[in-house]
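What follows is a set of notes on a single structure, which appears directly below.
The values are calculated or read from the model by the stated rules, or taken from the named source; none is laboratory data. Remember, predicted model here, so these are calculated numbers, not experimental data. Neighbour counts run over all protein chains shown; Cβ positions are idealised from the backbone, glycine included.
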Amino acid sequence: MRTILLNPGPVTLSDAVCNALPGPDLCHREPEFFDMQDRVREKLLAVYDLDPAHWATVLLSGSGTAAMEAMISSLVPEDGKLLVIENGVYGERLSRIAEIHGIDFEALNYAWGEKIDPDIVADFFTQHTDISHLAVVQHETTTGRLNDIPALLAVCKKAGVRMLLDGVSSFGAEAIDYTESLDAVAATANKCLHGIPGLAFVIVRRSALEYAPELPRTLYLNLPRYCELQDQHSVPFTPAVPAYTGLEAALDEMAEQGGWRSRRNRYRQLSGIVENKLVKMGVVPLMTTTESSCVLRAWRLPSGMTYQQLHDNLKENGFIIYAGQGGFAAEMFRISTMGDISDDDINRLIQALEQALS
């Protein structure tokens with residue numbers, strides 16, 4: 001019996017990705033590595049059919065937070081000002097990144113899981129005409145909320161503000177509108193793309209790199225330097241080579257399966273099966289299906305049951321779920337349908353849920 005990860009990354013890996021990992025030892029200064037780096041960069045742009053003349057993939061060794069920090073610290077100009085929208089842990093993390101790097105910023109704070117009102121954002125821009133950039137999370141995994149990015153992009157376009165998008169838990173499964181107001185998307189290999197931890201990336205508009213601070217705010221996470229060297233078939237630092245190998249295999253598998261739209265449909269299918277079972281058993285969702293990402297749903301714990309009881313019961317049957325964060329820790333649990341999950345796996349999960357919750 002294999003263990004199925006239902007947490008929001010890392011994910012259960014397919015055989016194709018696992019088999020790619022123990023590849024030959026590869027020096028990161030050899031042509032073979034640079035050829036692979038070029039392929040991975042191209043395949044990541046191809047996920048959303050982006051033109052490499054206008055967009056670049058910048059690969060970074062680290063977690064999704066590394067991509068978030070590289071994006072914020074590198075792309076807000078010295079004379080720029082950032083607005084961060086917070087409605088969960090990861091929006092608040094964007095604010096913390098800006099604070100640490102001494103970036104001039106404001107935060108528009110919502111309760112965790114609350115819907116963002118684009119009219120309020122538009123009014124904020126009207127009252128604060130010095131805002132140059134907006135940072136927001138697409139899929140806020142704190143609650144499973146899928147924020148309305150198209151509506152916010154429309155507001156940004158009207159105000160002349162550039163968007164920096166945290167797509168860490170949505171890239172490869174949710175629609176992303178690479179419209180003229182979007183400058184960058186931070187993401188990672190080990191979520192919707194089904195790679196392994198250790199490799200993150202930023203999809204950046206090449207023209208946005210021209211406005212980066214002349215004196216970088218960070219050495220290791222300086223996007224323009226990474227992009228310059230990767231364009232020249234080089235790297236600034238030692239990369240996580242096995243993670244590249246795993247990601248290329250995962251991207252090939254994703255393309256064979258029909259791309260991000262097929263992945264979104266698969267997640268929805270599996271999530272719908274889980275939802276039907278939990279609702280029939282009286283478990284209440286934190287928010288509706290239409291408000292939630294296809295990647296993850298949050299559920300309120302049944303009365304009289306602790307998260308630890310539910311977690312341990314399911315773990316004994318081969319499934320790892322995820323706790324709530326902060327004030328939600330004692331109130332809810334989360335189930336993500338990312339990763340290599342078969343129909344047999346989901347049927348086994350339904351039986352495990354019946355046992356745990358009956």
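Descriptive notes on the structure:
- Filter pass, LEU286 being modelled with pLDDT of 95 or more and under 28 Å from ILE196 (Cβ atoms): no
- Some residue of the range 297-305 being free of Cβ contacts under 8 Å to residues at least 24 places away in the same chain, small (Gly, Ala, Ser) and farther than 26 Å from TRP112 by Cβ: no
- Restricting attention to the range 224-264, the residues that are more than 18 Å from the chain's Cα centre (by Cα) and farther than 21 Å from CYS18 by Cβ add up to 16.
- Positions within the range 1-20 being touching a His at 6+ places or on another chain (Cβ under 8 Å), in a loop (DSSP other than H, G, I, E, B) and among the aliphatic types (A, V, I, L, M), in sequence order: VAL11, LEU13
- Test: residue in the range 145-154 that is outside any loop (DSSP other than H, G, I, E, B), at pLDDT 95 or above and among the acidic types (Asp, Glu): no
- Restricting attention to the range 69-92 and to residues that are of a type in the set (Gly, Ala, Ser) and part of a helix (DSSP H, G or I), the residue that is farthest from CYS227 (Cα to Cα) turns out to be GLY91.
- For ILE103, the conditions (1) among the aliphatic types (A, V, I, L, M); (2) closer than 23 Å to ALA154 by Cβ; (3) crowded, with 22+ Cβ neighbours inside 10 Å all hold with the exception of (2).
- Count of residues meeting criterion [part of a strand (DSSP E or B), more than 10 Å from the chain's Cα centre (by Cα) and either under 22 Å from PRO8 (Cβ atoms) or assigned by TED's automatic domain parsing to the domain that holds CYS294 (or both)] in the range 178-194: 1
- Cross-chain or 6+ apart pairs with Cβ under 8 Å, the range 215-226 first and at pLDDT 95 or above, then crowded, with 19+ Cβ neighbours inside 10 Å and of a type in the set (Val, Ile, Thr): ARG217/ILE103; LEU223/VAL58; LEU223/VAL202; LEU223/VAL204; TYR226/VAL58
- None of SER73, SER63 is under 15 Å from the mean Cα position of the chain (by Cα) and assigned by TED's automatic domain parsing to the domain that holds ASN190 except SER63.
- Subset tally (residues that are under 20 Å from ASP231 (Cβ atoms) and surrounded by 14 or more Cβ atoms within 10 Å (Cβ to Cβ)) for the range 1-37: 5
- A search for C-beta distances below 7 Å between a residue of the range 30-46 that is assigned by TED's automatic domain parsing to the domain that holds ASP177 and any residue that is hydroxyl-bearing (Ser, Thr, Tyr), counting only pairs 6+ apart in sequence or on different chains, returns MET36/TYR244; GLN37/TYR244; VAL40/TYR244; ARG41/THR57; LEU44/THR57; LEU45/THR57.
- Checking every residue in the range 93-106 against the condition of being assigned to a helix (DSSP H, G or I) and over 21 Å from the mean Cα position of the chain (by Cα) gives at least one match.
- Some residue of the range 106-127 being on the phi > 0 side of the Ramachandran plot, at pLDDT 95 or above and not hydroxyl-bearing (Ser, Thr, Tyr): yes
- Taking the criterion of being farther than 30 Å from ARG268 by Cα, buried (at least 16 other Cβ atoms within 10 Å of the Cβ) and not hydrophobic (A, V, I, L, M, F, W, C), the residues of the range 107-148 that qualify are SER132, HIS133.
- Among the conditions (1) of a type outside the set (Asp, Glu); (2) under 15 Å from GLU140 (Cβ atoms); (3) surrounded by fewer than 21 Cβ atoms within 10 Å (Cβ to Cβ), the only one that GLY282 does not satisfy is (2).
- All positions within the range 79-97 that are crowded, with 23+ Cβ neighbours inside 10 Å and of a type in the set (Gly, Ala, Ser): GLY88, GLY91
- Count of the range 173-190 residues, restricted to those that are closer than 26 Å to LEU270 by Cβ and crowded, with 24+ Cβ neighbours inside 10 Å, is 7.
- Residues satisfying the stated conditions in the range 77-96, i.e. touching a Ser or Thr at 6+ places or on another chain (Cβ under 7 Å) and among the hydrophobic types (A, V, I, L, M, F, W, C): VAL84, VAL89
- In the range 47-60, residue surrounded by the fewest Cβ atoms within 10 Å (Cβ to Cβ) [restricted to those that are under 17 Å from the mean Cα position of the chain (by Cα) and closer than 22 Å to GLY258 by Cα]: TYR48
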